[in-house]
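Computed from the coordinates by the stated procedures, all read-outs in this text should not be read as laboratory data. In this text the structure is predicted, and so the values were computed from the model without any measurement. Backbone-built Cβ (ideal geometry, glycine too); neighbour counts: all protein chains shown.
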4 protein chains.
Amino acid sequence: MSNGDIFVGEVIGTAILILFGAGVCAAVTLRYSKARASGWVVISFGWGFGVLAGAYTAAPLSGGHLNPAVTLGIAVDTGEWDKVWVYVLGQFVGAMLGAVLCYLTYFAQFQANVRGTGTTEGTADEPVPTLGVFSTVPEIRNPVANLVTEIIATAALVLPILAFGLTEGLGESGTLVLIVSLLVVGIGLSLGGPTGYAINPTRDLGPRIVHTFLPIPNKGTSDWGYAWIPVAGPLIGGALAGLVYNAAF
Amino acid sequence: MSNGDIFVGEVIGTAILILFGAGVCAAVTLRYSKARASGWVVISFGWGFGVLAGAYTAAPLSGGHLNPAVTLGIAVDTGEWDKVWVYVLGQFVGAMLGAVLCYLTYFAQFQANVRGTGTTEGTADEPVPTLGVFSTVPEIRNPVANLVTEIIATAALVLPILAFGLTEGLGESGTLVLIVSLLVVGIGLSLGGPTGYAINPTRDLGPRIVHTFLPIPNKGTSDWGYAWIPVAGPLIGGALAGLVYNAAF
Amino acid sequence: MSNGDIFVGEVIGTAILILFGAGVCAAVTLRYSKARASGWVVISFGWGFGVLAGAYTAAPLSGGHLNPAVTLGIAVDTGEWDKVWVYVLGQFVGAMLGAVLCYLTYFAQFQANVRGTGTTEGTADEPVPTLGVFSTVPEIRNPVANLVTEIIATAALVLPILAFGLTEGLGESGTLVLIVSLLVVGIGLSLGGPTGYAINPTRDLGPRIVHTFLPIPNKGTSDWGYAWIPVAGPLIGGALAGLVYNAAF
Amino acid sequence: MSNGDIFVGEVIGTAILILFGAGVCAAVTLRYSKARASGWVVISFGWGFGVLAGAYTAAPLSGGHLNPAVTLGIAVDTGEWDKVWVYVLGQFVGAMLGAVLCYLTYFAQFQANVRGTGTTEGTADEPVPTLGVFSTVPEIRNPVANLVTEIIATAALVLPILAFGLTEGLGESGTLVLIVSLLVVGIGLSLGGPTGYAINPTRDLGPRIVHTFLPIPNKGTSDWGYAWIPVAGPLIGGALAGLVYNAAF
């Protein structure tokens, strides 16, 4: 695969992933959304099917990593590091693009995030914090615990991805990406409770930058003090998974 | 594929899609339905599995587009325009047929949409607006924002569909339609919040015509002032996806 | 396939189907169940994955029809009627066996269906009607409308099943039964609201007979006045689907 | 497969299974989790996708049994007993490892399981019992009924697993594990109501040992009086399934 194809594939794929992922967070948390308050099952399947949409689309161009933690885990496993920067650059650009697309999709909902302009009867009319649409926010702020959660959750993503390729027939039948997307649904359902499962540095950092600059009414903090955890945790977890994979398989 | 096969396939497939899609909206919103108020996850999976049912059924006859935005995206990509009218005609007829089948399936529920005839204790006894069973209704009425939402959501449907065919093994194993149907679930979960995701002109226009003429008690407005948006938005989004696909892949 | 294999396959497969299907209704409706009041999405996926479990298990022996409406639709399509009685007999025996297994699985819950023996704080202590665990109960009792609902919902099951076999690769990759089970999830989500979607004569009749004789405390009526509709509707719908399939494909 | 590969595969696979399974129970039941009170559908899919993650990862090394009841059912069917101890040992070590990983993932949530330290407004501030994160707790304590429930639910797991291998194409396309994981979702939805569906002796016993020794605040009882049922029930159910399979197929 050429650098150009890899870059374009990762930009498009990651943009789709973040459009779906940030989108489902907007759908569940913003007022005047039909999916308002529809719960964790919607969040988890929304992110998982974002992986499905983005990774199948990117697959023919770049293989569809969409996540520096996955790219890192593969590099640790294979020892091939020369394309890593292209992957990560594409993922970063794509994540920011996806966050902007989510903003445009929910533009009217973001504009309505003000006090007392409710058009639906009976809804609360206080603005809601909007960072959770773009980036992760821990339930309990505890840097060590939050970091450990992200490390374990990311290793639980990358180790299976590395191993799935060994299952006979899975790649040939084209269902590999489907399985990975259901794995991501599972990680959300099971391991997302404490931190909101970044498990992907660009998924968190790119949209956080976008959130910082977007003119959203009452958008609240972009919480840069937390931003290093969903970058460091997934990178450590991805590298760890590569090492475990090399040792065990 | 002959014109006859295409027409019959698209009629049957789109009718099944709308039967399931309008059906799940009826199931969740009408009184005296076992699925009453069962939430957005039910809506999204209901529409997605409607795609699964309709597209697998239509596939051997017409390939199962079921959506003029998909047909348009494929035409923009391939440059073959001569069968487009057969596809769209079949989709339109099928969408109206499906809406009528949904009406018949929920006939008793529609007839009970009157004040004070509740047979279940504790249910509200005001009629509910019925247009949402047939066609989309935006949460916030803002033509530009609604149009942008439909353009992005439809491009997020059509671009992946065009790309999915490039994944090795996916077509041969027959799981391509399954992936598309889960993509549609994802679009519903993530991008359906603002407008209810038409992402398909005939899906919205056909049932809106049927709603206009059906003798449903207290059916409420058919809201023709909004009707152009779920037609124009998906067509623009589908064409845009075809152009992006041609440029990137 | 020998008559013995067909019979054994249909008994085992239909027993598993009804164990899961009646089981999920018990899980959602009976007191002192962990899944109490968990909603329509649980009901629909429970029945669908019951099809997955039962039909994949029965497939090597009998092909896994598990439903006289499916057997009838296939017979109308192929013109082969000589094995129909073996299929239906196995389905009938299996459905009753599955209902008994569900009763045993939820034995303690059924025994606790009495006034004022709640072991969980805050739960209502009135007995609940138990027929809904075993057989279908319409939301609005209207024989013609109920019959039409069952006809349409069953045709929406059988016509796709007949057509799915034409999709290249679906059978060879072994995913055909998965698709059918997701189709059944979709029918539940979308078309189950009015009558609880029997879409299978033995699924309703077998367990209704079992319900009539089981010594469940406060079990309520077995409602034999309604019993003909979930038999006649699915048979008409299955035959109709066979005719449409022959005409269109 | 060498004993070493089997052991490593079962340790890793079962650890992932329990990380996801115990994780989703933590996610739904602990305070300060984003998935708090998100219901039975989340529990059931979380466990099922834990099977998907663990079994696909273990498959190339050990075949991915992850459950002594499955190993036993296969041994009864094939008559090959010499590797059983390696499988079960790996499953046991893996289950304990997974429980520890879940504890680390939800460390801050477990530490916050005390009276009156709520950081989220409006949440209850009484500690919750924590055994349900690690092991099963019946809704109604009735040893015979609980045992019967576990026997039936485990037979409904192992009999289909044995039969699934006979479906043409399912193994070759690599989708066999996906089907088994959806089967586990179905067992949870349909048969998990009375006892919380251990259906796996090490899944219950390993984490119960871990729970006994972990320093969780207000962790409540480890309930050793019940511990034999989720061991005996699944073993009986698995053996029964092997016998039925040998007789019927």
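Placing unit charges on the Cβ atoms of the charged side chains and taking the dipole of chain A about its Cα centre, the candidate lying farthest along the positive direction among A:Thr221, A:Ala59, A:Val41 is A:Thr221. Using a cut-off of 15 Å between beta-carbons, work out the net charge of the residues near B:Thr221 (Lys and Arg +1, Asp and Glu -1, B:Thr221 not included). After counting each charged neighbour, the total is +1.
Helices assigned as whole DSSP H runs in chain B whose Cα atoms extend at least 27 Å along their own long axis and whose mean Kyte-Doolittle hydropathy is 1.6 or higher are found at B:3-29, B:84-105, B:143-164.
Other protein chain C-beta atoms within 10 Å of residue C-beta, averaged over D:152-161: 4.
Using a 10 angstrom cutoff on alpha carbons, build the Gaussian network for chain B and name the most mobile of B:Phe20, B:Phe213, B:Phe45. In this elastic network of chain B, the residue with the biggest mean-square fluctuation among B:Phe20, B:Phe213, B:Phe45 is B:Phe213. May I ask for the distance between the Cα centers of the range A:202-249 and the range B:145-182, given as a whole number of Å? A separation of 27 Å, based on Cα centres. Rounded to the nearest 0.05, the FRET efficiency derived from the C-beta distance between D:Thr78 and B:Arg115 at R0 = 60 Å is 0.35. Counted without the sites themselves, the longest stretch of chain A free of GluC sites (Glu not before Pro) in a DSSP loop having at most 15 other beta carbon atoms within 10 Å is A:169-249.
What FRET efficiency comes out for A:Thr212 versus A:Leu104 if R0 is 25 angstrom and r is the Cβ-Cβ distance? Round to the nearest 0.05.
0.90
Shortest first, B:Trp228 label-point distances to identical copies amount to 5.5, 5.5, 7.8 nm, with the label point at 7 Å from Cα along Cα→Cβ. Net charge near A:Leu97: determine it from the other residues with C-beta under 13 Å of the C-beta of A:Leu97, scoring Lys and Arg +1 and Asp and Glu -1. Once positives and negatives cancel, what remains is 0. Each of C:Thr130, C:Leu97, C:Ser173 was scored by the projection of its Cα onto the charge dipole of chain C, and the greatest displacement toward the positive side belongs to C:Thr130; charges sit on the C-beta of Lys, Arg, Asp and Glu. Bridging of A:Lys219 to aspartates and glutamates at a Cα separation below 20 Å is possible for A:Asp125, A:Glu126, A:Glu139, A:Asp204, once same-chain residues fewer than 8 apart are set aside. In this calculation the C-beta distance from D:Thr221 to D:Glu172 is compared with R0 = 45 Å, giving a FRET efficiency of 0.40.
Averaged over D:193-199, how many beta carbons belonging to a partner chain fall within 10 Å of each residue's beta carbon? Walk me through the numbers before you get to the answer.
On the way: counts 16, 13, 3, 1, 1, 0, 0.
Whole-number average of other-chain Cβ neighbours for D:193-199 is 5.
The aspartates and glutamates whose alpha-carbon is closer than 17 Å to the alpha-carbon of C:Lys83, local same-chain residues fewer than 8 away aside, are C:Asp5, C:Glu10.
The amide H of B:Asn218, built 1.01 Å from its N in the peptide plane, has no neighbour under 5 Å, considering only residues 5 or more places off or on other chains. Taking a Cβ cut-off of under 15 Å around A:Val24, the surrounding Lys, Arg, Asp and Glu residues balance to a net charge of +4, with basic ones at +1 and acidic ones at -1. Where chain A is rotated onto chain C, the residue of A whose Cβ comes nearest the axis, and that gap in whole Å, is A:Ser173, 3.
In the protein assembly as shown, taking the dipole from charged Cβ atoms about the Cα centre, the farthest positive-side position among C:Thr154, A:Leu240, B:Tyr87 is held by C:Thr154.
Counting every Cα pair in the protein assembly as shown, what percent are over 55 Å apart? Counting every Cα pair in the protein assembly as shown, those more than 55 Å apart make up 7 percent. Highest GNM mean-square fluctuation among B:Gly225, B:Gly13, B:Gly98, for chain B modelled with Cα contacts below 10 Å: B:Gly225. Using a Gaussian network model of chain B whose springs link C-alpha atoms within less than 10 Å, name the residue from B:Thr175, B:Thr14, B:Thr71 with the highest mean-square fluctuation. Maximum among the listed residues: B:Thr175. Label-point distances for D:Met1 to the equivalent site in the other copies, using a point 7 angstrom along Cα→C-beta, read 3.0, 3.0, 4.3 nm when ranked shortest first.
Restricting the chymotrypsin sites (Phe, Trp or Tyr not before Pro) of the range B:128-210 to loop positions (DSSP other than H, G, I, E, B) with no more than 16 neighbouring Cβ atoms within 10 Å leaves nothing.
Take D:Glu80, push a point 7 Å out from Cα through the beta-carbon direction, and compare it with the same point in every other copy: 3.5, 3.5, 4.9 nm, smallest first.
Counting partner chain Cβ atoms within 10 Å of every residue's Cβ in A:57-68, what's the average?
Details: counts 13, 2, 6, 7, 4, 0, 0, 1, 0, 0, 0, 0.
Whole-number average of other-chain Cβ neighbours for A:57-68 is 3.
The average projected area of chain D, computed from the convex hull of its Cα atoms over all directions, is 13.1 nm².
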